[in-house]
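Heads up: the structure comes next, in structure tokens.
Every number in this text was worked out from the coordinates using simple rules, so none of it is lab data. If you're wondering where the values come from, they're calculated on a predicted model, not measured in any experiment. Backbone-built Cβ (ideal geometry, glycine too); neighbour counts: all protein chains shown.
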């Protein structure tokens, strides 16, 4: 049995939420929860039309929305589904059937754009950062047993790299398993910001993270121009 949690915030512009809701159909063994952070576009309408469970909040961070979903999950295995990542249905079915044998893990990442840079990014993310270091980003769609998530204190209350911190916590419990099924992720951030510019920004943000810089400042830089995960109200005095 499986609970799928999708944290949403103005998702219509990417087009992925509709794909997710059409693919992930609730059954007696699969629960789908969307935790919304105050969408102002057609996101809520899409969710309601799909007939999945909706939790409406004003929680600013993606981590907080995921935590709200985890606490409400009714099944033992919980899948944290990135709102712009679509897992092949065979993977969803395999996870729902095999969850007794799994503590936590993630799916195999691939972008929906075949550019060589993005192909290398996915390869590194799967085989080096994932398999060797046990660190998966949310677009891999991380899964874990609810009890283990509760034991490690859920996701940390930070605006960026919350997935990294969660994996570090989970690694203390057990080794994560990468399933071979594909989690196809939107390349909208790269396509909008520029492939190489976005890649450089990502690496710069990782350095800032390792030097313990402010998560809000890092995420504000990451979200600038897109605001896919978080919306920031700009204080004119701080410009």
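At 0.36 nm per residue, and after removing the present C-alpha to C-alpha distance, how many nm does the segment from residue 71 to residue 113 gain when stretched out fully?
11.7 nm
Find how much the distance from residue 157 to residue 58 grows on full extension, using 0.36 nm per residue of separation minus their present alpha carbon separation; answer in nm with one decimal. Before the final figure, lay out each step's value.
Details: separation 99, 0.36 × 99 = 35.64 nm, distance 1.46 nm.
Working it through step by step, the gained length comes to 34.2 nm.
Taking the highest mean first, how do the peptides 188-194, 21-27 order by number of other beta carbon atoms within 10 angstrom per residue?
Values: 188-194: 16.9, 21-27: 14.6.
In decreasing order of mean packing, 188-194, 21-27 become 188-194, 21-27.
Report the Cα centroid-to-centroid distance between the range 26-97 and the range 119-187 in angstrom, as an integer.
If you average the Cα positions of each part, the centres end up 17 Å apart.
Quickly work out the residue 100-to-residue 25 label distance, labels modelled 7 Å from Cα along the C-beta direction, and quote it in nm with one decimal.
Going by the 7 Å Cα→Cβ label model, 2.6 nm.
Given a Förster distance of 41 angstrom, what is the FRET efficiency for residue 89 paired with residue 221, based on the Cβ-Cβ distance and rounded to 0.05?
Details: r = 36 Å, r/R0 = 0.87.
Computed FRET efficiency for residue 89 and residue 221: 0.70.
From Cα pairs below 8 angstrom and at least 6 apart in sequence, can you work out the relative contact order of the chain, rounded to a whole percent?
Working: 415 pairs, mean separation 52.9, N = 239.
After rounding, I find 22 percent.
Could you please tell me the mean projected area of the C-alpha convex hull for the range 2-189, averaged over all directions and given in square nanometres to one decimal?
On the way: hull surface 38.3 nm².
One quarter of the hull surface, i.e. the mean projection, equals 9.6 nm².
How much mean residue ellipticity at 222 nm does the chain get from its helices, if each DSSP H run of length 4 or more adds -39500 (n - 2.57) and you divide by all residues, to the nearest 500 deg cm²/dmol?
On the way: 10 runs with 92 residues, N = 239.
Helices in the chain give a 222 nm mean residue ellipticity of -11000 deg cm²/dmol.
With an 8 Å cut-off on Cα pairs and a minimum separation of 6 or more residues, tell me the relative contact order of the range 5-48 in percent.
59
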